[in-house]
Amino acid sequence: MSCPLCSSAAKEALVAKGIPILDCTDCGHRFYNVNATPFAPAEIYNDAYFDGGGAGYSDYRADRQLLVERGRMYARKLERFTSPGRILDVGAACGYILKGFVDEGWEGIGLEPNASMAAFAADDVGVAVRTGTLEETEIDGKFDLVSMIQVAAHFYDPAAAFARARGLLAENGLLLIETWDRASFSARILGKHWHEYSPPSVVHWFTPKGLTDFLSHNGFERIAGGRPSKWISGGHARSLLKYRLGERKILDLIPSWIKIPYPAEDLFWALFRKR
Ligand SMILES: [Zn+2]
């Protein structure tokens, strides 16, 4: 399969969960071949992905407060570059991050392949989240901001998704991306055991440089970036640790309500402006 970003040839870099992971021989992008592996977003990001533990979440809704706060944190970061306007939050789940933006004065909609998460957003969180993917859903109007918080790694056609995001942005609109850094220290030390090598739900493994290079050649200019601090709930930490270490009684001692600082060294965010 050729590279989904630049169409150059790719070669195998490693195998994770039985799936060969490929490196582009030209731009260096790392991905797996979604054409060789059945990929249906609504099935992969099904209800169990958000509630069943494993590679997904033990209980996504338990992190409500943390995720709303994460949206607010990004909204405040953006104050240097824009006043609040219209946002499209891609991969919105049940709308918590979008809610954080709304709390800070933004208005807009979310997009989410999982229908029950989208319904929960409307019924319980009070924000508008539509069911669908960025690559395929029809969306009206222009946006001042498109946000992709831990979403870009899941696109089945990232070039199409970023082009779509650009088309939906108003002039000088902003694209905010938070995703995992495969060039980070922990990713390099852990190799194929790094938690983000979990296909099929994770499809792409970016680096800050690779993402910036691609978007710079495709109508965007990088204007800010860095590493987010990240707090997760005890319940989510327990689920991740059980997934790595197996069922251990001692892990049950971690209370669900506690907030645990999570090493965000392998995560990065970047803000781009439409050129
Ligand atoms: Zn490439």
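Quick note: the coordinates plus some simple rules give every number you see, no bench work behind them. None of these values were measured; they are calculated from a predicted model. With ideal geometry, Cβ positions are generated from the backbone for all residues, glycine too; neighbour counts draw on all protein chains shown.
Data table
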read-out: Share antiparallel - DSSP beta bridges, the chain, percent rounded to 5; value: 60
read-out: Descending principal axes extents, segment 138-209, alpha-carbon based, whole Å; value: 44, 23, 16
read-out: Residues of segment 154-185 with amide N under 12 Å of a point placed 7 Å along Cα→Cβ from residue 209; value: 183-184
read-out: 222 nm mean residue ellipticity, helices alone, for the chain (DSSP H n ≥ 4; -39,500 (n - 2.57); rounded to 500); value: -7500 deg cm²/dmol
read-out: Selection from 190, 35, 147, by position along the positive dipole direction of the chain (Cβ); value: 190
read-out: Under 18 Å between alpha carbons - lysine pairs in the chain that sit 8 or more apart or on different chains; value: 12
read-out: Viscosity 0.692 mPa s, temperature 37 °C, Stokes-Einstein D of the chain from Kirkwood C-alpha radius, µm²/s; value: 172
read-out: Amide H contacts of residue 16 (H built 1.01 Å from N, under 5 Å, at least 5 apart or other chain); value: 21
